[in-house]
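Notes for the one structure printed next.
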Amino acid sequence: MPDGDGAAQAQGRGGPGGRSEDGGKKGLIDLAYRLAEPAGVPVWCQDEAGPYQAIPQPGAGWQPVGEPTRQPHEYVRGGTAKLLTLFRPATGEVRAKGVAHAPNLVLHPWLRAELTEVLAGLPAVTTPEAERPPLARWSTWLGHEPREPLPPLRLLLIWDNLAGHLSWPITGWLLRHGIMPLYTPLSGSWLNLAEAVQRIIVGRALAGHHPQSPAELIAWLEDTVAGWNAAPTPFTWGGKRLERRQRARDRRLGGSPAVPVDPQAIAA
């Protein structure tokens, strides 16, 4: 993560091809999803979904049998929209905003405002740093004690490893407000659970429909987020997806249930 002069510091130790560094990032994110919330540190994920075009969207519809939805034969591009998403897996809460464009000049102010509201709703930290659980201390996530005084750690943010997210203006703001960013490694966007909830929301909002404009896209996406938050579904890290990855890994390694037999046991 960046330090005061803007130079980027890697999370974890680097190695050939960055594999050790990526493994360190994955390990921290896995630890955050599994154990940070029980230690009193909320975990949030941020991502941007889209862009989505104002054109007929693929998906199932609810038309009567024999009367399918008829789409216009002209291919007209009606503009695009994106969805800025902040997601807390432990509760299922989604904070989102539809936008026409999502450069850092739009994303970062929105993220700061949303995180400020989230922090305002958290209980104040009165326990001295040395007495807090290990997972509620900066040193666990930084890999060392902070080099400069920081406020108590209050929140972990899972974030994509993009150049704009590594810039000191935004990372410095996060640290000064007690937020530790954990960046996903390259080819590790699946570690950001905001992507998972976005797929559900976008499917509900757009599948099988024909939005006519970016404003309609945004309205449908934001309405779907409001419906989701009326009865949010918490996400659990691991589960069947983790089991499938483990089985796939075992197959790649050529794993076999057979084990070597102890020659001494045979002789006996």
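Magnitude of the Cβ-charge dipole of region 160-238, K/R +1 and D/E -1, about the Cα centre, nearest 20 debye?
Details: 3 positive and 5 negative charges, 39 e Å.
Dipole size: approximately 180 debye.
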message: Quick check: at a probe of 1.4 Å, how many percent of the accessible area of region 84-173 sits on carbon and sulfur atoms?
response: 59 percent
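Compute the signed sum of charges (Lys and Arg +1, Asp and Glu -1) over the other residues within less than 12 Å, Cβ to Cβ, of H165.
Working: positive: none; negative: D47, E48, D160.
After counting each charged neighbour, the total is -3.
The values are calculated or read from the model by the stated rules, or taken from the named source; none is laboratory data. Because the structure is predicted, anything quoted here is derived from the model rather than measured. Glycine gets a Cβ as well: all are built from the backbone with ideal geometry, and neighbour counts include every protein chain shown. Areas reflect the complete protein model, heavy atoms only, side chains present, ligands, DNA and RNA absent. Shrake-Rupley method; radii C 1.70, N 1.55, O 1.52, S 1.80 Å.
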